[in-house]
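Bear in mind these aren't lab numbers, they're just calculated from the coordinates by the rules spelled out. Note that the coordinates shown come from a computational prediction; the quantities given were computed from them, not determined experimentally. Counting neighbours? That spans all protein chains shown, and the Cβs are built from the backbone with ideal geometry, glycine included.
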Amino acid sequence: MMELLAGAALSFLTPWASVLATLAALTVQSNLLDGVCLATGLFTLLFAMDYIKHRKREFVALMTVFLASMLLFLNAQDWLYLYFSWELMGLCSYLLIALRETEPARKAARRALVINRISGVAFLLAIVLISLETGSFSFGVVPPTAALLLFIAAMIKSSQIPFVWLPDAMEAPTPVSALLHSATMVAAGPLLLHRFQEHFLFLSGFIRGWAMLSIVVASFLALVQHNQKRVLAYSTIATVAFLYTVFSSPLLPVAFSVHAFLKAAYFILVGTYAAGQGYELETGLNRKSLSSALSLFLMLSLSGAPLLGMFWFKIGENTAALTVFLSVLYFTRMYCASFSGGAPPRKGIGTSLALVMAGLSVLLYPVSVPPLSSTVSILAATAAGLVLFNFKPLAATGNALNWLFSRKFPEMEPPEERLENWGYLVGRAARHGSQRLNRTFTGPVGRDVGYIAASLAALAMGVMLC
């Protein structure tokens, strides 16, 4: 961590100092979570060297401190250090989101700050209760009330429904998005619950139910987005919600690591081929390209397609089919809308970095392979699926979803014959319902405080009923 802080200080002389400091810190790390956090940080900093054109020194210094705060969170040895890193991550994210100083960026930064401050207050109250119970700030006994407050702090930090702040944070530069989604900031919640899992087991049923609600709502919200980064943001909310469902599993650190590499790769890839089109979903790019193939691999891996990425962690879960189906829906729409023309995608260092990170995610598969009997049945099912697989149904599904949830869908009152078409009516109802749902979680920053208060009251009532 000292290397990173030194790199942040020297970055005002040369931004490459931060890259070298991250590389130096990476070479001495043996812990999986530390190594993944530093590796994704290194790749995003390398991408930033090409992506950021203005205020590069300030940007790289903030990114390096952001990375150091994540590393401190992973290695904190008492509650005070853990709280300090929790708040430092929030402060760095606020400064990085607002870096462009546009009105949307300032609004998004304020929204993130307001919501994350509630998380900080809940975390601080939990620490006070722990210190009153134990007489110290060392890790040990966590009273049930303190555990509930820590859970609330975790849900807010992870932008879980209804504490949604992450999609608006996509106003930040793409390297920030890549690090925000892949490293420890958004996933701090499930990592916290995993580290102290014995104190949260009494809440496990409620945690699982709340996480499933977040998965379903975030997946439907992803379907109505017209910006590629916002689709990925709701994807992150859904995936982190899945991590909550397996917070007590010994495989959670590996699942976090696989997701980190995949999501950072996807953001960097999108930042390479879609930045020139303002990250619009319909970019009209050529499907027969490296960017297209890499996008398809990342999409299937994040969804949990057989033998790829998140599949190894979803396979043993009762909700696996639902989570895979929902993620395939919005990713299919995104892929088919992006690669639906003949324009060659822009290539750059981001394409190469995304390719390397996709390869690193594959290297983690052996750590999570299930027993031999399960593996044989999985391979047999996958072989049958590959024989029956045809790209045309996938493309047709993606194009239909894109038309249904695109701006081209007829907004005027349809002709009389359409009103008798049940397919049209169902489509219109789905579109309008998703749009209303989207408006519920976006809006003026000024109403966030009341909205958060109502959400916390509902959350506390739900816990008491359980």
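P(r) for segment 28-72, from all Cα pairs and a bin width of 10 Å, is 27, 52, 20, 2 %, short bins first. With 22 Å as the limit on Cα-Cα distance, the pairs of 157/263; 53/157; 53/347; 107/347; 157/229; 107/263 that go past it are 53/157; 107/347; 107/263. Placing pseudo-labels 7 Å out from each Cα toward the beta carbon at residue 14 and residue 396 gives an inter-label distance of 5.8 nm.
Note on residue 226 and residue 50: with the Förster distance fixed at 22 Å, the Cβ-Cβ geometry gives a FRET efficiency of about 0.25. A straight chain from residue 429 to residue 32 at 0.36 nm per residue would run longer than the Cα-Cα distance by 138.3 nm. With θ taken as phi - 60° and the Karplus curve 6.51 cos²θ - 1.76 cosθ + 1.60 applied, the whole-hertz 3J(HN,Hα) list for segment 197-208 is 4, 5, 8, 10, 4, 5, 9, 4, x, 5, 4, 5 Hz, x standing for glycine and proline. The residue 362 and residue 106 beta-carbon pair, evaluated with R₀ = 45 Å, returns a calculated FRET efficiency of approximately 0.70. Stretching residue 57 away from residue 406 to a fully extended chain increases their span by 121.8 nm, per 0.36 nm per residue minus the current alpha-carbon distance. How many angstrom lie between the C-alpha centres of segment 165-221 and segment 224-281? Cα centroid to Cα centroid, the span is 11 Å. Along segment 84-96 the Karplus relation, 6.51 cos²θ - 1.76 cosθ + 1.60 evaluated at θ = phi - 60°, assigns HN-Hα couplings of 4, 5, 4, 6, 5, 4, x, 5, 5, 5, 4, 5, 6 Hz to successive residues, with x for each Gly and Pro. Karplus-based coupling profile of segment 288-301, in residue order and whole Hz: 9, 8, 5, 4, 5, 4, 5, 4, 5, 4, 5, 4, 5, 5, with θ = phi - 60° in 6.51 cos²θ - 1.76 cosθ + 1.60 and x standing for Gly or Pro.
The stretch between residue 75 and residue 138, if pulled fully straight at 0.36 nm per residue, gains 21.3 nm over its current Cα-Cα span.
The label point for residue 198 and the one for residue 125, both projected 7 Å from the Cα toward the Cβ, are 2.7 nm apart.
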